[in-house]
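Below you'll find the structure, written out as structure tokens, and then a few comments.
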Amino acid sequence: MNLIKLQVKTGNQKYPIFIGKNILKKLPELLKKNFVNFNQCLVIIDKNVPKKIIKKFLYSLPKKKVSIHYFSANEKNKNQKSIDNILSILLTKNFNRNDCVISIGGGITGDVSGFAASIFKRGLKFVNIPTTLLSQVDSSIGGKTGINTKYGKNLIGAFYQPSLVISDINFLNSLPNRELICGYGEILKHSLIADKKFFAFLDTNGSKILNLKSPFIEKAIFKSCSIKKKVVETDEKEMDIRKILNFGHTFAHAYEATLGYSKKLNHGEAVMLGIKSATKFSLLNKILPIKEFSLIENHLNKLDLPRNINKLFSIKDLSKILSFMKKDKKNNTSKISLVLLKKIGSPIYRLQFDVGQINLFLKKELIK
């Protein structure tokens, strides 16, 4: 599959997403063709990206003033201190609003870099080069940036669209299997909320996608990005239908926060646990038919994906999980807002539930 281009058009900005193999070498051409000009740039690099790839990337940059900041990407470092470190560099180097921040790394690096770019002098140009499957299909699209606090995940941030996104599939070859599974969680989510045919494609070809076989991996990334692009274009600021992208995430974010964002559970794994929780909750509330639920459960089982919260949590964690769910930014009453499924491809997102009802559900799931 050749170079793929998706054009995202929001109310505030229009920008392209390029997907393909070995496209990083085209960086100068892509910057020029998409009018991303600058006198100097700050490149924020995820320390997890192999040095060999970074060397090629830096060589491909336009011959401008380039500053480099290496970032230890993990949920605990997705905080205000990391933002302050980046702002300090931008201030010291006297960056102006015509200059650029380039992120090269996973979703955490992109979120932190994009948020810093959004608040420095009210906005620098921002180029996102996602290097993980998760970031290529999710966080690099749609303009959500932000950081965590002790009160929960992503509670401080901004909507800030990039000027350009470059998703080079070659980056994925350096990822461990656990990271690929992490990204697959968001691909699966997109199929469940938007396209039953895409879910069928995943159900047939999931193992090929996880093994990065062509053209299956390219098609999965393209289709996943297309689904999110369509939603974001309709509702950039998450006032209405964009809330469907949070399917599974109210549970997932609470699971991550309860474990203190530890390595025991990464974001994509948490999303798959959240998907299982949300689909089971949909079933028990007679929203999702048993036949549709079984398709999803069988898919998780077949690929041996994370699906049982009682392997990570016990009853003693229940109050903490509920506490984080109550603090979720999507809630606007004392009840907890959830995105659920009516069937595969048909989400429902204007639902609120009493804490006691969710407490009872989770209690049963934890004592299995």
| request: Please specify each residue of segment 171-196 satisfying the condition of being open to solvent by 40 Å² or more (accessible area, probe 1.4 Å) and in contact (Cβ under 8 Å) with a residue 12 or more places away in the chain. | output: Asn173, Ser174, Asn177, Arg178, Glu179, Ala194, Lys196
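Listed here are the residues, each with its yes/no results for (1) assigned to a helix (DSSP H, G or I); (2) of a type in the set (Ser, Thr, Tyr); (3) in contact with a Lys or Arg (Cβ under 7 Å, 6 or more places away or on another chain).
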site: Ile193; (1), (2), (3): yes, no, no
site: Asp203; (1), (2), (3): yes, no, no
site: Leu212; (1), (2), (3): no, no, no
site: Ile217; (1), (2), (3): yes, no, no
site: Ile221; (1), (2), (3): yes, no, no
site: Ile227; (1), (2), (3): yes, no, no
site: Arg242; (1), (2), (3): yes, no, no
site: Leu245; (1), (2), (3): yes, no, yes
site: Ala254; (1), (2), (3): yes, no, no
| Out of (1) under 24 Å from Asn79 (Cα atoms); (2) in contact (Cβ under 8 Å) with a residue 60 or more places away in the chain; (3) surrounded by fewer than 22 Cβ atoms within 10 Å (Cβ to Cβ), what's the single condition that is false for Leu295? | (1)
| query | Only one of these conditions is not met by Lys237: (1) in a loop (DSSP other than H, G, I, E, B); (2) modelled with pLDDT under 95; (3) farther than 19 Å from Asp328 by Cα. Which number is it? | reply | (3)
| query | Which ones in segment 301-316 are touching a residue at least 60 places away in the same chain (Cβ under 8 Å) and open to solvent by 40 Å² or more (accessible area, probe 1.4 Å)? | reply | Lys302, Asn308
| task | Output the residues belonging to segment 254-264 that are surrounded by fewer than 21 Cβ atoms within 10 Å (Cβ to Cβ) and aliphatic (A, V, I, L, M). | result | Leu259
| remark: Within segment 120-170, residues farther than 21 Å from Leu91 by Cα, among the β-branched types (Val, Ile, Thr), touching a strand residue (DSSP E or B) at 6+ places or on another chain (Cβ under 6 Å) and buried (at least 22 other Cβ atoms within 10 Å of the Cβ) come out as Ile129, Thr131, Val165, Ile166
| Options Leu3, Leu42: the member that is aliphatic (A, V, I, L, M), modelled with pLDDT under 90 and either closer than 29 Å to Glu238 by Cβ or open to solvent by 10 Å² or more (accessible area, probe 1.4 Å) (or both) | Leu3
| said: If Asp328 meets every condition in (1) open to solvent by 20 Å² or more (accessible area, probe 1.4 Å); (2) touching a strand residue (DSSP E or B) at 6+ places or on another chain (Cβ under 8 Å); (3) acidic (Asp, Glu) apart from one, which number is that one? | reply: (1)
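Restricting attention to segment 134-149, which residues are of a type in the set (Val, Ile, Thr) and in a helix (DSSP H, G or I)?
Within segment 134-149, just Val137 meets the criteria.
The values are calculated or read from the model by the stated rules, or taken from the named source; none is laboratory data. Because the structure is a prediction, the values reported are computed rather than measured. Glycine gets a Cβ as well: all are built from the backbone with ideal geometry, and neighbour counts include every protein chain shown. To get the accessible areas, we keep the full protein, side chains included, count just its heavy atoms, and leave off ligands, DNA and RNA. Shrake-Rupley method; radii C 1.70, N 1.55, O 1.52, S 1.80 Å.
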